[in-house]
Amino acid sequence: MFNVIPRETVFFDLFEKAAANAHACTESLVVFLDRFDDLGNRAHRVKDLEHVGDELTHETIERLNKTFITPIDREDIHELAGRIDDILDRIDTAVDRMCLFKVERPIKEAGELARCIERSTALICEMIVMLRGRGTPEELRIRVREVHRLESEADEIEHRALVSLFEGTPDPIHVIKWKNIIEVLESATDKCEDVANVIEGIVLKNA
Amino acid sequence: MFNVIPRETVFFDLFEKAAANAHACTESLVVFLDRFDDLGNRAHRVKDLEHVGDELTHETIERLNKTFITPIDREDIHELAGRIDDILDRIDTAVDRMCLFKVERPIKEAGELARCIERSTALICEMIVMLRGRGTPEELRIRVREVHRLESEADEIEHRALVSLFEGTPDPIHVIKWKNIIEVLESATDKCEDVANVIEGIVLKNA
Amino acid sequence: MFNVIPRETVFFDLFEKAAANAHACTESLVVFLDRFDDLGNRAHRVKDLEHVGDELTHETIERLNKTFITPIDREDIHELAGRIDDILDRIDTAVDRMCLFKVERPIKEAGELARCIERSTALICEMIVMLRGRGTPEELRIRVREVHRLESEADEIEHRALVSLFEGTPDPIHVIKWKNIIEVLESATDKCEDVANVIEGIVLKNA
C-alpha cells in the first residue's frame, strides 16, 4: 500500500529543525555580545549553527526534488527554506565582521538588536508548527504582528545607534565598522519578518 | 444576486490611491530638500504619508485574503503592493538619515535625485490606471521607457555626486553620510523601475 | 505549415549568447584589474559588453511577450534573463567605482575576486547549454557545486581584504572606497550563484 504520510511530514520536521536551529544561532549571538570574551570559540559556535542550517536547507531541497506530492506548494517550501537561511547568514556576517574588524567592545545597540532577533526567531519557532494546521488564525496573527513590531523596534534601535555614532567628533573608522555591523544586525530582523510573512502566506493559502 | 464587480474594482481603487500617495510622498521629499527648513515638520509629513502607504498595503493584503476571485492574479496584487511600499520605504529612510546625521544642508545631487523620483512616481500614477484596461500598449510602453530613462539619469547623478564627494581632501564623515543618503535616493528610482515593470507585466498578461 | 521549432530554440540561442557575453565581460574585468592602464578604454569595453547584455535581455523579454508556447516556463525565462543581467550590472558598477573614486591601484584581493567571477561565468557557459537537455545530471551538479565553492572562496577573499583594509592606522577614505568596491565584486559571485541555481532548477524541472 501507498504510504505518503511519512514523505509528507518530513518537510514539517525539517522546517521545525531549521527554525529551532535559527533560534539557537540567535541565542549564541546574544551570548557573544553579552559576554564578549573567548570570541574565537563563541564565533565558532555561531558558524557551526550556520552550517547546520545550510545542511537542513540542502536536505529540504534534495527531498523536494525527489518528492512528487508535497504537503504545501513546492515554491513555498523552496522560499521558506531560503528565507530561514537568510536569517542565519545575516547573524553569521555580523559576528564575522565584529571579529575581523577587531572591535574592542560592542556598542550597546548591538546587544539590543540581538535581543530583537532572538525574540523574533522564538516567535518563528511557535509559528512554524502551525504549518501542520495547528493553532488558530488569531494565534498566528498575534505572532506575525509581534515580529513586525520587533522589526520596527530594531529600526528605532538602528536609528539611535547611528545618532550616537555620529555624535561629537566621531572617529571615521569606528563609524565605518559599527555602521556596517548595526546595518547587518538590523537586516536580520527584516529577514525574520520575511519568514513570518512566508509562514503566514502558506498557512492562509492552505487554510 | 451576485455582485462581483465592486469586489473586483476595489483593488484598482487601492492601487490608484497607493500610487497617488507615493507621488505625494515624493513631492514632500522634493520640498524637504528644496527648502531645507522646519525639518521636523517636513520629515513628519513624509513619515505620515509612509504610514498611509502602509495602511493601503495592509488593506490590499487583507482584501486579497478575503477575496476568492481577483481581477488580476493574486501574486501580482501581492507583488505590486509590496513594490510600491518599497518606494516609500526608501524615501522615508533618506529623510530619516538626513535628520539623524544632522547634515547641514543637502548636496545638490540629492535634490536632483528627488526630482527623478518625483517624475517616476508621476508616470506610475499614469500607468496604474492602465490596469483597468485603459490606454494603448504604446502609451504604456512610452511611460515604462521613460521610467527606465529616469533610472539611468539617477545613476549618472549618483556618479557625479560620488565624484564630487571624493574630490580634493574629503572629510570622511561627510563622505560616509552623503554616500549613504545618495545611495538610498538612487535606489528609490530602482524601486520605481520595479513598479513600472510589474505594472507592464500585469497589463501584458491580461491584454 | 506550423514551424514552432525555430521559435522555441531561439531562447536557448539567446541565453547562450548572454552567458558568453557575461563571460567576456568578466574577462575584461580581469584584464582591467591586471593591467590597470588605459583605464578609460578598458572601462569602455566593460560598459559596451554590459550594453550588449541589456540588449540580449531586452530581446529575450520581447520575444517572450510574442511567443505563445515556450520551451521552458515563461517565468523561468524571465528570471534567468534578469539574473544574468545582475552579474553584468555588478561588474559594471565595480569598474565604474574604481574610475570615479580615482583609485591609484587595485588592492590584490580585487583581482582575486575578479578571477572567481571569471571562473564562475565560465561554468555558467558550460551549464547553459544543458538547458537544451544536453549533459547528465551529474555533470550539472558538479558545476553547480563548483560555483558554490567559488562563492565561498570569494567570501574568504572579501574577509581577507577587510582585515587588511582595517589593519594598522587605516586611511578612512581609502577604506570607504575599497570596502565598497570589494563588496560589489563579492556580490557578483552571489549573482553567479543565483544564475547557477536558476539553471539547475530549470533543468531539474524539465528533466
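What the table shows:
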quantity: Within 10 Å of each Cβ in A:161-174, the average number of Cβ atoms from other chains; calculated: 4
quantity: Placed amide H near C:T70: partners under 5 Å, 5+ positions off or other chain; calculated: none
quantity: Calculated FRET efficiency for the pair A:R63/C:N206, C-beta based, R₀ 25 Å, to 0.05; calculated: 0.80
quantity: Computed helical MRE - 222 nm, chain C, DSSP H runs ≥ 4 contributing -39500 (n - 2.57), nearest 500; calculated: -30000 deg cm²/dmol
quantity: Helix axis angle, C:39-66 relative to chain C longest principal axis, alpha carbon, degrees; calculated: 30
quantity: For residues of A:69-81, the mean tally of beta carbons on other chains within 10 Å; calculated: 0
quantity: Rounded FRET efficiency, nearest 0.05, which uses the C-beta distance separating B:R160 from B:F36 and R0 of 22 Å; calculated: 0.65
quantity: Around B:A24: net Lys/Arg minus Asp/Glu count, Cβ-Cβ under 11 Å; calculated: -2
quantity: Using alpha-carbon coordinates, inclination of helix A:108-128 to the longest axis of chain A, degrees; calculated: 10
quantity: Rounded to 10°, Cα long-axis angle of helix A:172-205 versus longest principal axis of chain A; calculated: 20
quantity: For A:K177, C:K108, order by how many other beta-carbon atoms lie within 10 Å, fewest first; calculated: C:K108, A:K177
quantity: Highest-first arrangement of B:66-74, B:8-16, B:87-95, where packing means the average Cβ count within 10 Å; calculated: B:87-95, B:8-16, B:66-74
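Read-outs: derived from the displayed coordinates by stated rules, not from any lab. Keep in mind that this is a model prediction, so the values were computed, not measured. Cβ: placed from backbone, ideal geometry, glycine included. Neighbour counts: every protein chain shown.
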